[in-house]
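Please treat every number below as a calculation from the coordinates, not as lab data. Since the structure is predicted, the reported quantities are computational estimates derived from the model, not experimental observations. Positions of Cβ are backbone-derived with ideal geometry, glycine not excepted, and every protein chain shown enters the neighbour counts.
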Amino acid sequence: MSPREIFALRDHLGAELKGRTLSDAQTSVSLTDILSQTVLGGRLRELSGRCVLLRLSDQLRSGLAMIELDGIARRMLLCPPDLNPAHLDAVIADAGIDAVVTDEPDRWANTGFALIVTAHVPLQATAPVKTERATEWLMLTSGTSGVPKIAGHTLEALTGAIVAEGPARGPAPVWATFYDIRRYGGLQIFLRAFLSGGSMVLSDPHEALADHVARLNARGVSHISGTPSHWRKLLMSGSAAQFAPGYVRLSGEIADQAVLDGLKAAFPNASVGHAYASTEAGVGFAVNDGLEGFPADYLGNRNGVEMKVVDGSLRIRSTRTAHAYIGRNAAALTDADGFVDSGDIVELRGDRYYFVGRRGGIINIGGLKVHPEEIEAVINRHPDVRMSRAKSRRSPITGGIVVADVILADGSDPARAKEIRDQILDQCRAQLASHKVPAVIRFVEALDVTPAGKLARTDA
Amino acid sequence: MSVRSKVIEAIQQIAKEQHVTLPALSDDLSLHETGFDSLAFAILVARLEDETGVDPFTVSEDAAFPATVGDFVRAYENVPA
């Protein structure tokens, strides 16, 4: 009947399932018999053809439910843990949700949903099922305010970059990520672990970083991803010394040279790469030469991903992008030619493009537009700086000025603060236009990172 | 340190950073003659706010910017503690 064969997640799990696990801080689930087990209490059949909201309080059951539902449900909407409950109704309406998978069935008792399925571990035995359809995967964008947008994907689009890279060489990887797997960056790692024949170690937002690293070690994690903010936090924690991954990946924020160099120094035996991906644009490319930015010849058509720069922002067209925003008043996801405008502003210097910031993150300094990320990248180059955040502050004279909060690297002598501040300012004056040089630098102990792993920019 | 010496020190620090050669800072020197541009004044006001806890030009209802160095210093001296 179907014009071509449909592969769901269960069909990708691979012939060899022995010795593979999906684990979090509490529970480890063996994949050996995963295709004849159920997290849904054996009620998968009832969800056939439905539009299912996956609203679970942990990643483990979410991941197990994804494996079961893909190829059976018509749609599944992944809810990241930080979804504002006030936005849930709008999201449910836009996605046409008619069934809920939850671990808190009481909460849904009087909500009018006829079909509420409770997810349980330990798993129960069930008869394996056959893939029925290509399920639409709905993911929420991680914007900071307002109702998140819903991006529609297929498993084929989500796994395009993984399939293109082919199977992992060498021993089966054990993947981990600091992301939540219900976010695009985390889901990529979850899918990568399963398609590559490996295992996956999930993060836990309530776990101390040192305990998390101990768990990564105990589980033999070889491949791990996170945002530059996640990685800076790890480098600052003093826990990195106990950890020796083989592959370290950054995505989700600009990977500047300072964080790439910091990771290379902390993990001398690891390959360190940064990837460009977003919920809407999918996986664009990976950069593995240890340098920030990307080679200019990545533009054009490369491995089926077409990229161009229009008005400074990176535009991407490929089979890995989301196919639409979902909902009644959803905007178009692509332009007329099928390109997704990423909103990420790049600048060509020599034969390389560098990310300078988000179009929506521009701060206004006396009428001039400034990307805070560009300033942070210069500040972060100082050897005593681990992390920084530039923002605008109201000024009665010019309307706005740049100020920066800076976290010093471990072991920097606080008595040298004034000297370090002067050096940072010298560095900024040498490399930035005068209005971009911070007027005030404050040394702080911590900077807020959002649940999605990105530096919080509430005033941007 | 007196408010006056804090203000003068901040002016001198910013002049050094901005490569501005200051004339002698007498009270009747017009701010224009200091060689500071609006960005340098914006930096000065922001740093003094961090140091003294006040921004007299945003707080004051009479938000007219002072004309001379003496007026500028007095704007900080006259803020009720």
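Structure data summary
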{"quantity": "Three principal axis lengths of segment A:209-302 [C-alpha, angstrom, descending]", "calculated": "43, 25, 20"}
{"quantity": "Footprinting exposure proxy for A:His274, A:His230, B:His32 (fewest neighbouring C-beta atoms within 10 Å first)", "calculated": "B:His32, A:His230, A:His274"}
{"quantity": "Alpha-carbon gyration tensor eigenvalues x 5, square-rooted, for segment A:362-443, Å", "calculated": "23, 12, 11"}
{"quantity": "For segment B:3-77, fraction of C-alpha pairs farther apart than 17 Å, in %", "calculated": "37 percent"}
{"quantity": "log10 of Debye I(q)/I(0), alpha-carbon scatterers only, for chain A at 0.06 Å⁻¹", "calculated": "-0.27"}
{"quantity": "Percentage relative contact order, chain A, counting C-alpha pairs under 8 Å, at least six apart", "calculated": "11 percent"}
{"quantity": "Prolate/oblate/rounded call for segment A:333-373, Cα gyration tensor, a/c under 1.5 rounded", "calculated": "oblate"}
